[in-house]
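Just below is one structure, and these are the notes that go with it.
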Amino acid sequence: MKPRYVGIAALSLTAFIGAGLLLGKAAGLRLNTTDSAPHGLWLVQTTGSKVLERGELVEICPPLSPVVRIMASRGYLPAGECAGVSVAPLLKPLSAIAGDTIRLRQGEPVMVNGVALPNTVAMPSIPAWPDGIYKVQPGQAWLFSSYSAGSFDSRYFGPVELAAVRGIASAVAVDGDTAAITTGVHHQ
């Protein structure tokens, strides 16, 4: 094969892959490479007027807090389109919703309504949200992933506004146990 044809074939393949990625993103497909949820392909659909429930996995931009800025500047969060810090949206479960009670205590798992969530002890190397007992306010939620002890979630950045939720995520082709994301979370 002549070098010219190899170049044209390579360029065509690159264009085809690029178009596929853009179309997939427009359709709501997301590739998760973080350890907060199983790696793989997820479908994110807008919530519309749906009331979000405890236990749902959502895509959300993290709040503009100092710890989020620190994690972004150190490269611990993938780059992306979230305003303010230019990080990729996060896939996190809604673990506590309005009216729920959160207890945070250094060196202990997060407690939601008296139930300890596995893998939620804050890592000492990352500034954690202050210890205390918190009542979830209307229009807010707390996000804790029990899938991985290394998840970057509300144990560090606190409550999030439900208005920041970009959509509800469902697994398409993932490697891992999706039920483990919300272990300990009481579904509605």
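Using θ = phi - 60° and the Karplus curve 6.51 cos²θ - 1.76 cosθ + 1.60, what whole-Hz ³J(HN,Hα) does each residue of region 106-119 get, with Gly and Pro shown as x? For region 106-119, the Karplus-derived couplings read 3, x, 10, x, 5, 10, 10, 6, x, 10, 6, 9, x, 6 Hz, x marking Gly and Pro. Taking the number of Cβ atoms within 10 Å of each Cβ as an exposure proxy, the fewest-first ranking of Ser65, Ser146 is Ser65, Ser146. Here the Gaussian network model covers the chain, with springs between Cα atoms less than 10 Å apart; of Ile102, Ile133, Ile60, Ile133 fluctuates the most.
Under the classification rounded if a/c is under 1.5, otherwise prolate if a/b is larger than b/c and oblate if not, where does the chain fall, given a ≥ b ≥ c as square roots of the Cα gyration tensor eigenvalues? It would help to have the intermediate numbers written out before the result.
Numbers: a/c = 2.28, a/b = 1.95, b/c = 1.17.
Note, shape of the chain comes out prolate.
For Lys2 and Ala164 in the same chain, what is the full-extension length gain: residue separation times 0.36 nm, less their Cα-Cα distance, in nm? Display every interim value, and only then the final one.
Working: separation 162, 0.36 × 162 = 58.32 nm, distance 5.21 nm.
Extra length from Lys2 to Ala164 when fully extended: 53.1 nm.
Per the Cα gyration tensor, region 98-146 maps to an equivalent ellipsoid with semi-axes of 18, 12, 10 Å, ordered largest to smallest.
Normalising by the residue count of the chain, find the relative contact order in percent from Cα pairs under 8 Å and 6+ residues apart. Please report the intermediate quantities before stating the final value.
On the way: 376 pairs, mean separation 52.0, N = 188.
Across the chain, relative contact order equals 28 percent.
Taking springs between alpha-carbon atoms closer than 10 angstrom, which of Pro63, Pro38, Pro130 fluctuates most in the Gaussian network model of the chain? Top of the fluctuation ranking is Pro130. Tell me, rounded to the nearest percent, the portion of alpha carbon pairs in region 47-131 spaced more than 19 Å apart. Pairs farther apart than 19 Å: 51 percent.
Is it possible to state the helix-based mean residue ellipticity at 222 nm for the chain, with each DSSP H run of 4+ residues giving -39500 (n - 2.57), the sum divided by total residues, to the nearest 500 deg cm²/dmol? What is it?
Working: 3 runs with 36 residues, N = 188.
Calculated at 222 nm, the ellipticity per residue is -6000 deg cm²/dmol.
The simple spin-label model puts a point 7 Å past each Cα toward its Cβ; for Thr46 and Arg103 those points are separated by 4.1 nm. Compared with the dominant Cα axis of the chain, that is its longest principal axis, helix 3-26 is turned about 30°.
Along the chain, the exposed loop sites are trypsin sites (Lys or Arg not before Pro) outside DSSP states H, G, I, E and B with at most 11 other Cβ atoms within 10 Å, and the longest stretch free of them is 75-188.
Using the empirical formula 2.2 N^0.38 Å as the baseline, the Cα radius of gyration of region 73-122 reaches a ratio of 1.47.
Since every read-out is calculated from the coordinates, none of them should be taken as a lab result. Worth saying up front: this structure is predicted, and the values here are computed from it rather than measured. Heads up, the Cβs are rebuilt from the backbone with ideal geometry, glycines too, and the neighbour counts pull from every protein chain shown.
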